[in-house]
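Notes to accompany the following structure.
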Amino acid sequence: MSFVLGSTLRTKGSEIFSIRFAPSSPWLVAASNDGVVRMFDWKNNKEGKQVRIRTEKATKDVPVMCIAFPEYAPVVKQAMLAVCSDGYVSRWDMAKQKCLNSFMETGNETYTVGYNKDASLFCTGGLDRKLRVYDDETCKLVTEPGVPELGMESHGNRISAVMWSKVDPNILISGGWDNTVKIWDVRDNKCVRQVFGPYVTGEGLDTHGEMILTGSARPSEQVEIWDLRTSDPLQAIKWPSSTQDPCVVYACHFSKNGKYVVAGGAFSSEVLVFGVDSGLSVGVLGNMTKSVYTAEFSFDHQHVACGGADGNIYVMQYSKNKPKQTSGLSSPPKPPKK
């Protein structure tokens with residue numbers, strides 16, 4: 001089997017920063033640098049509704065950096081979160097194109113947002129190195145794990161990605177520019193474990209079961225899998241050799257069943273799908289002219305959507321044809337000295 005390009009959706013020149021398949025619906029949702037979130041009927045290659053997150057004249061084009069949906073919550077809780085580069089956070093009913101809640105993280109540039117497993121909480125991260133956990137219904141601040149002013153537990157540079165454990169709704173994972181992934185227990189606001197090494201500059205963080213997936217913006221050891229329980233390295237997936245510059249990875253995600261990984265980034269500007277068990281490439285989307293910022297699997301594991309600086313959304317689909325194997329597993333990487 002393999003993944004091959006199925007269709008291309010075009011967004012008229014805007015850069016795509018974040019893509020999500022909306023649960024329990026036919027929509028693929030994309031956040032852009034022009035301040036708009038667009039919905040696509042991706043199976044029929046049609047653009048649907050769109051929402052301008054900021055309507056004030058002075059801020060209407062503020063980039064939407066990240067969006068999130070509750071993956072496992074009941075349909076009644078299918079709100080969408082959106083965060084903007086000026087610290088604006090909003091919660092939406094996308095079916096009605098209605099903003100349910102909004103607020104500002106004053107003084108922050110907010111880059112990432114994510115729901116916990118039961119969608120009772122969500123967390124944001126950004127330039128000011130603070131993690132903020134909010135109640136989903138009220139959007140009131142619940143806690144701030146590892147406040148930078150209070151000591152060494154906090155990140156040393158901007159936070160690019162947050163992800164909650166899909167096993168325990170109290171476990172939060174964060175990554176950023178300080179070459180560290182931190183694992184938090186929000187019940188007592190403590191960093192319980194750390195992974196040293198991953199350089200996460202975009203949507204390069206995900207979890208499945210007891211595994212953490214990281215994508216690093218560097219020319220080697222870009223895609224790695226770690227043990228959530230121990231922080232130990234489990235697997236390093238080798239990027240195939242190429243005549244182009246090595247790909248530095250900005251985005252990576254597990255498939256919903258944990259069997260595959262998708263990753264993409266800059267310089268070689270390509271997207272690869274790997275089998276987790278084998279570490280082999282089972283899908284390649286190459287010859288892209290600009291960087292890839294975001295990539296995501298559908299809920300049926302049969303499709304992958306990705307987007308980036310060229311403004312297009314590419315949808316890869318499952319094929320029964322056997323791919324050319326272009327990579328393999330390496331030995332687990334040695335963590336840097338603490």
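The values are calculated or read from the model by the stated rules, or taken from the named source; none is laboratory data. Since the model is a prediction, treat every value here as computed from it, not as a measurement. Here the Cβ positions follow ideal geometry from the backbone for every residue, glycine too, while neighbour counts run over all protein chains shown.
Brief remarks on what is shown
- Residue check, K130 part of a loop (DSSP other than H, G, I, E, B) and within 17 Å of the chain's Cα centre (by Cα): no
- Residues in segment 35-44 that are surrounded by fewer than 16 Cβ atoms within 10 Å (Cβ to Cβ) and either touching a residue at least 40 places away in the same chain (Cβ under 8 Å) or within 23 Å of P70 (Cβ to Cβ) (or both): D41, K43.
- Those residues of segment 1-25 which are surrounded by 17 or more Cβ atoms within 10 Å (Cβ to Cβ), within 25 Å of F274 (Cβ to Cβ) and among the polar types (S, T, N, Q), in sequence order: S2, S18
- For segment 141-260, the strands (runs of 3 or more DSSP E) that sit wholly inside it and include 1 or more residues that are in contact with a Cys (Cβ under 8 Å, 6 or more places away or on another chain), farther than 20 Å from V113 by Cα and of a type in the set (V, I, T) are 223-227.
- Residue in segment 91-111 that is among the hydroxyl-bearing types (S, T, Y) and within 23 Å of E296 (Cβ to Cβ) present: yes
- Exclusive hit being closer than 30 Å to K259 by Cα, of a type in the set (D, E, K, R) and without any contact (Cβ under 8 Å) to a residue 60 or more places away in the chain, set E210, E153, E144, E203: E210
- Only one of the listed residues (D86, D93) is surrounded by fewer than 21 Cβ atoms within 10 Å (Cβ to Cβ) and under 28 Å from N157 (Cβ atoms). That residue is D86.
- Once segment 147-200 is narrowed to residues that are among the polar types (S, T, N, Q) and farther than 19 Å from D135 by Cα, the residue that is nearest to the chain's Cα centre (by Cα) is S160.
- Within segment 74-127, being at pLDDT below 95, under 28 Å from H208 (Cβ atoms) and in a loop (DSSP other than H, G, I, E, B) holds for P74, Q78, A79, M94, K117, D118, A119, S120.
- Test set (1) surrounded by fewer than 21 Cβ atoms within 10 Å (Cβ to Cβ); (2) in contact with a Gly (Cβ under 8 Å, 6 or more places away or on another chain); (3) not in a loop (DSSP other than H, G, I, E, B) - M288 fails condition number: (3)
- Residues of segment 1-27 classified as out of contact with any Cys (no Cβ under 8 Å at 6 or more places or on another chain), under 19 Å from A251 (Cα atoms) and among the aromatic types (F, W, Y), total: 2
- Residue within segment 26-34 that is touching a Ser or Thr at 6+ places or on another chain (Cβ under 7 Å), of a type in the set (S, T, N, Q) and either crowded, with 17+ Cβ neighbours inside 10 Å or in contact (Cβ under 8 Å) with a residue 40 or more places away in the chain (or both) present: yes
- Residues that are touching a Phe, Trp or Tyr at 6+ places or on another chain (Cβ under 9 Å) and not in a strand (DSSP E or B) were ranked within segment 12-24; the one that is nearest to W92 (Cα to Cα) is A22.
- Boolean, S268 is closer than 16 Å to G202 by Cβ, modelled with pLDDT under 90 and of a type in the set (S, T, N, Q): yes
- Taking the listed residues T106, T112, T124, the one that is among the hydroxyl-bearing types (S, T, Y) and either more than 24 Å from V64 (Cα to Cα) or without any contact (Cβ under 8 Å) to a residue 40 or more places away in the chain (or both) is T106, with no other qualifying.
- Qualifying positions in segment 72-102 - touching a strand residue (DSSP E or B) at 6+ places or on another chain (Cβ under 7 Å) and of a type in the set (D, E): D93
- Matching option when the condition is on the phi < 0 side of the Ramachandran plot, modelled with pLDDT of 95 or more and surrounded by fewer than 18 Cβ atoms within 10 Å (Cβ to Cβ), among D227, D188: D227
- Within segment 45-71, the set of residues being exposed (fewer than 13 other Cβ atoms within 10 Å of the Cβ) and within 18 Å of G307 (Cβ to Cβ) comprises K46 only.
- Among the residues of segment 162-170, at least one is small (G, A, S), over 30 Å from T289 (Cα atoms) and surrounded by 17 or more Cβ atoms within 10 Å (Cβ to Cβ).
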